[in-house]
Amino acid sequence: MKKSLVLALLLCLLTVTAGRVFSADDMNKAAKKGKYLIELKHTSDQCLEKLDQISAEAPKMLDKIQWGCLSGDHTGYLIVSAESEKAARDMLPALMRDEAHVVGLNTFTVEQIKSFHQKK
């Protein structure tokens, strides 16, 4: 069974136990979602302005972003589940979307790594 399908079924099971029944469409959407890393780079001069912007426009997102600012790396890091890079970007406040760097994430199995070597 595909890993994404197993995750969707587990999500379905958890939701059913919470009192809501998932439809087949809900399970398909959950299985299609990918993970994305969003980087919100800014300068030390922009730091407080960016923090104010997030806290005003997306306060629920504020505690999900990991900030490197106190270490001198003026970047916010956020990992989200979304159906596409655009959907991940659209989760951000409008003024931050264009400057955000969005990277699709994936994992590899041992078998995949072996196949990469064989293709060399």
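Can you find a residue that is in contact with a strand residue (DSSP E or B) (Cβ under 6 Å, 6 or more places away or on another chain), within 25 Å of Phe108 (Cβ to Cβ), of a type in the set (D, E, K, R) and modelled with pLDDT of 55 or more anywhere in the range 60-83? Within the range 60-83, not a single residue is in contact with a strand residue (DSSP E or B) (Cβ under 6 Å, 6 or more places away or on another chain), within 25 Å of Phe108 (Cβ to Cβ), of a type in the set (D, E, K, R) and modelled with pLDDT of 55 or more. Within the option set Lys60, Lys86, Lys114, Lys50, being within 13 Å of the chain's Cα centre (by Cα) and either assigned to a helix (DSSP H, G or I) or free of Cβ contacts under 8 Å to residues at least 12 places away in the same chain (or both) holds for one residue only, Lys86. In the set (1) farther than 16 Å from Tyr36 by Cβ; (2) in contact with a helix residue (DSSP H, G or I) (Cβ under 8 Å, 6 or more places away or on another chain); (3) among the small types (Gly, Ala, Ser), Gly68 fails one condition alone, (2).
Residues that are in a helix (DSSP H, G or I), modelled with pLDDT of 90 or more and in the same structural domain as Ala100 (by TED's automatic domain parsing) are absent from the range 32-39 altogether. Within the range 92-103, residues that are in contact (Cβ under 8 Å) with a residue 12 or more places away in the chain sit with their Cβ atoms under 6 Å from residues that are hydroxyl-bearing (Ser, Thr, Tyr) and not in a helix (DSSP H, G or I), at 6+ positions apart or across chains, in these pairs: Val102/Tyr36. Kindly list the number of the only condition in (1) out of contact with any Pro (no Cβ under 6 Å at 6 or more places or on another chain); (2) surrounded by 15 or more Cβ atoms within 10 Å (Cβ to Cβ) that fails for Ala58. It is condition (1) that Ala58 fails.
The values are calculated or read from the model by the stated rules, or taken from the named source; none is laboratory data. Keep in mind it's a predicted model, so treat the numbers as computed, not measured. Because the Cβ atoms are built from the backbone with ideal geometry, glycine has one as well, and the counts that use them run over all protein chains shown.
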